[in-house]
1. Which pairs turn up if I take residues in the stretch 71-85 that are assigned by TED's automatic domain parsing to the domain that holds Thr32 and look for partners that are surrounded by 15 or more Cβ atoms within 10 Å (Cβ to Cβ) and small (Gly, Ala, Ser) with beta carbon separation below 8 Å, at least 6 apart in sequence or on another chain?
2. Give the number of residues within the stretch 143-162 that are more than 13 Å from the ligand (Cβ to nearest atom), out of contact with any strand residue (DSSP E or B) (no Cβ under 9 Å at 6 or more places or on another chain) and in contact (Cβ under 8 Å) with a residue 12 or more places away in the chain.
3. Name the single residue, out of those in the stretch 163-186 being within 11 Å of the ligand (Cβ to nearest atom) and under 17 Å from Gln123 (Cβ atoms), that is surrounded by the most Cβ atoms within 10 Å (Cβ to Cβ).
4. For the stretch 2-43, how many residues meet the condition of being under 22 Å from Val145 (Cβ atoms) and exposed (fewer than 14 other Cβ atoms within 10 Å of the Cβ)?
5. Spot the failing condition for Val89; the list is (1) part of a helix (DSSP H, G or I); (2) of a type in the set (Val, Ile, Thr); (3) assigned by TED's automatic domain parsing to the domain that holds Leu11, and only one is missed.
6. State yes or no: is Asp43 among the acidic types (Asp, Glu), touching a strand residue (DSSP E or B) at 6+ places or on another chain (Cβ under 6 Å) and in a helix (DSSP H, G or I)?
7. Would you confirm whether any residue within the stretch 142-164 is of a type in the set (Gly, Ala, Ser) and farther than 21 Å from Arg13 by Cα?
8. Look at Val115 and say whether it is among the β-branched types (Val, Ile, Thr), within 29 Å of Gln138 (Cα to Cα), out of contact with any Pro (no Cβ under 8 Å at 6 or more places or on another chain) and surrounded by 17 or more Cβ atoms within 10 Å (Cβ to Cβ).
Amino acid sequence: MTTERNIVTGLARIGTVLRAEQWAQSDAVGLTPTQAQILVQLDTRGPARIGDVAAELAVTQPTASDAVAALVRKRLVEKRPDPKDARAVRLHPTRTGRRRAKAMAVWPDALLEAVDSLDPCEQAVFLKGLTKMVRALQTRQAIPVQRMCATCQYFRPNVHDDPAAPHHCAFVDAAFGDANLRLDCADHETTSETDAAANWQTFVSAL
Ligand code: SF4
């Protein structure tokens, strides 16, 4: 078996843990996994249109619509007019919905402990490798654009001499290292494709 296949097999095993946890968490609060994902997404990222919700979860619009309809029936989500477009609506989690989302937005202890078993150097290398994989999947449009450093207008890769903290985040005006690369950052602002490509070259050139 090739190294590539071994890595994908390992990722599939990790995916199994995540899926099992997702099913257990959503089942415990009477939701399907898709309904749970939408509720958590609206709670963590704020109100959104149905099309954006579907794109983010990489599901079809009818699938997202069915899940949202169920969430509305359960009074966990409500539709309100979009202030930017009078003909459109945005989905908002209700107070009960937010409480329910917070109860589910936790990572499995077993997985956190497994990550903790890596030393800091291994964690940094692993995170950098994951960043490259997520970026590759994004470029192939296999997943939606992620709120990651690699596509952020505040990201300045490899601008500092310190090997422990070579990158700079212009949003918080601070240096950081590979161990703190973000894959889902609330402060992310998407940069242009040209700048993202240039940043990426600078980022990978130091590997
Ligand atoms: S704002 Fe977030 S995503 Fe952007 S560079 Fe800073 S840490 Fe990375």
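The values are calculated or read from the model by the stated rules, or taken from the named source; none is laboratory data. Note that the coordinates shown come from a computational prediction; the quantities given were computed from them, not determined experimentally. Here Cβ is always computed from backbone atoms with ideal geometry, including for glycine, and neighbour counts include all displayed protein chains.
1. Listed pairs, sorted by first residue: Leu71/Gly97; Arg75/Gly97; Leu76/Gly97; Val77/Gly97.
2. Total satisfying the criteria: 2.
3. If we take residues in the stretch 163-186 being within 11 Å of the ligand (Cβ to nearest atom) and under 17 Å from Gln123 (Cβ atoms), then His167 is surrounded by the most Cβ atoms within 10 Å (Cβ to Cβ).
4. Selection size over the stretch 2-43: 3.
5. (1)
6. Working: among the acidic types (Asp, Glu): yes; touching a strand residue (DSSP E or B) at 6+ places or on another chain (Cβ under 6 Å): yes; in a helix (DSSP H, G or I): yes.
Taking the combined requirement at face value, the residue satisfies it.
7. So in the stretch 142-164, the residues of a type in the set (Gly, Ala, Ser) come out as 142, 150, 164.
Applying the additional criterion that residues be farther than 21 Å from Arg13 by Cα yields 150, 164.
Within the stretch 142-164, one or more residues are of a type in the set (Gly, Ala, Ser) and farther than 21 Å from Arg13 by Cα.
8. Values: among the β-branched types (Val, Ile, Thr): yes; within 29 Å of Gln138 (Cα to Cα): yes; out of contact with any Pro (no Cβ under 8 Å at 6 or more places or on another chain): yes; surrounded by 17 or more Cβ atoms within 10 Å (Cβ to Cβ): no.
Considered against the rule, which asks whether it is among the β-branched types (Val, Ile, Thr), within 29 Å of Gln138 (Cα to Cα), out of contact with any Pro (no Cβ under 8 Å at 6 or more places or on another chain) and surrounded by 17 or more Cβ atoms within 10 Å (Cβ to Cβ), Val115 comes out as no.
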